[in-house]
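The values are calculated or read from the model by the stated rules, or taken from the named source; none is laboratory data. Remember, it's a predicted structure, so these values are computed and weren't measured experimentally. Positions of Cβ are generated from backbone atoms using ideal geometry, with glycine treated the same way; all protein chains shown enter the neighbour counts. When the accessible area is computed, the model is the full protein with side chains, heavy atoms only, and any ligands, DNA or RNA have been set aside. Shrake-Rupley method; radii C 1.70, N 1.55, O 1.52, S 1.80 Å.
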Amino acid sequence: MRPRLLLSAGEPAGIGPDLCVAVAQQAWPCALAVVGDPGVLAARAAQLGQPLRLETIGPDSALETHRPGTLNIWPFPTAAPVVPGQLDPANAAHVLDLIDHGSRACLAGHFDALITGPVHKGVINQAGIGFTGHTEFIAAITGGEPVMMLAAPGLRVALATTHLPLGEVSRAITRDRLETVLRVLHGDLRTHFGIAAPRILVCGLNPHAGEGGHLGREEIDTIEPVLARLRAEGMDLSGPLPADTVFLPKYLAETDAVLAMYHDQGLPVLKHLGFGRAVNITLGLPIIRTSVDHGTALDLAGSGRADAGSLEAALDTAIAMQAARR
């Protein structure tokens, strides 16, 4: 049975609509729909000189396999007119509505996966709405234990903490949190990626993984005890390892994923390796959710220069995850 995938168009003034128009031109082995503003999508397609036929649907409509040049749309109008490249706080609630309705439609079983376009956290917060990111927002709707993982060809990096100020990271890495993250990562690598016995490299928090306690004790007091307990259950876990050497090819060749302790410890390496081809995946949810690895790129909106490679990879990943879960 072909999967039913739902795109969230993201920030309407950014490149999200451009990317939706671009992937609509291609053939996909699935039913494909977008939740967004039909006027914005139609205007962006015209601006880009791309043919696009929009077909209005509801969340439970019967959908056929995607046909290039068409796009099913679950319509949600913006609150204010959209000018490519110009953010408007009046449309912040619209952006979150797309994610909210898309998440709930997947949770209800109307779609098999949600693929989210880029959003602009700053303008959402400027509108007076507390928002730290897709991962936390979707988890609040669907439940589960969210774990952020980015994947590029040859590398998967999961995060023990996500969008936190650096000064708060150490306090956030507790034994309970780390055990939960590792259980989710191990379980979803098996369930969604078909890896029977996942091999996971775990970074230390401190330089040189704490240097035996001389550069911090988080490795000794928190990370090592958790790894020992989970190894005793049969998990293949290596670490805690110095983050400045864990990404060497000789180590990555023998692992299925790396667990970094914080956002900027692991993601710069992954994005250097595969920016524009990487996928943001939220593990630990009752739904499949993937996303692009980049932001709204306001300067590219409507220009025809936006690269849809990451959204294409997000669609391919969602299809593969849904097939592995059957």
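Things to note:
- Calculated FRET value between residue 162 and residue 62, using beta carbons and R₀ = 51 Å, to 0.05: 0.85
- Charge tally around residue 174: other residues with Cβ under 11 Å, Lys/Arg +1 each, Asp/Glu -1 each, net -1.
- Each 10 Å bin from zero holds the following percent of Cα-Cα pairs in segment 1-71: 21, 58, 21, 1.
- Relative contact order computed over segment 145-284 (Cα-Cα under 8 Å; 6+ residues apart), in percent: 42
- For the chain, the relative contact order works out to 23 percent when only alpha carbon pairs closer than 8 Å and six or more residues apart are counted.
- For the chain, built as a Gaussian network whose Cα springs stay under 10 Å, the top-fluctuating residue of 236, 188, 60: 60
- Between residue 80 and residue 93, the modelled labels are 1.3 nm apart [label points 7 Å from Cα along Cα→Cβ].
- Efficiency of FRET between residue 199 and residue 25 - r from beta-carbon atoms, R0 25 angstrom, step 0.05: 0.05
- Of 184, 258, the order by accessible heavy-atom surface (1.4 Å probe, DNA, RNA and ligands excluded), from most exposed downward, is 184, 258.
- Charged neighbours of residue 37, selected by a Cβ distance under 13 Å, balance to -2 (K, R count +1; D, E count -1).
- Among 274, 102, 128: highest mean-square fluctuation, GNM of the chain, C-alpha pairs under 10 Å: 128
- Whole-number accessible area per residue in Å² for segment 145-284, which is evaluated in the context of all protein chains at 1.4 Å: 45
- Fully extended contour minus Cα-Cα distance, from residue 236 to residue 211, at 0.36 nm per residue: 6.7 nm
- Antiparallel %, DSSP beta bridges [both residues in the chain], to 5: 30
- Based on protein heavy atoms only, segment 80-130 ends up with 40 Å² per residue of surface accessible to a 1.4 Å probe.
- Descending semi-axes in Å of segment 145-284, equivalent ellipsoid built from Cα gyration tensor: 21, 17, 15
- Counted by Cβ distance under 14 Å from residue 148, the other residues give a net charge of -1, where Lys and Arg count +1 and Asp and Glu count -1.
- Solvent-accessible area of segment 97-256 (1.4 angstrom probe, protein heavy atoms only): carbon and sulfur portion equals 51 percent.
- Choice from 25, 126, 265 showing the highest fluctuation, given a GNM over the chain with Cα pairs closer than 10 Å: 126
- Spin-label zone in segment 129-146 - amide nitrogen under 12 Å from a point set 7 Å from the Cα of residue 183 along the C-beta vector: 145
- Once the Cα-Cα distance is subtracted from the 0.36 nm per residue extended length, the residue 245 to residue 70 segment shows a gain of 58.3 nm.
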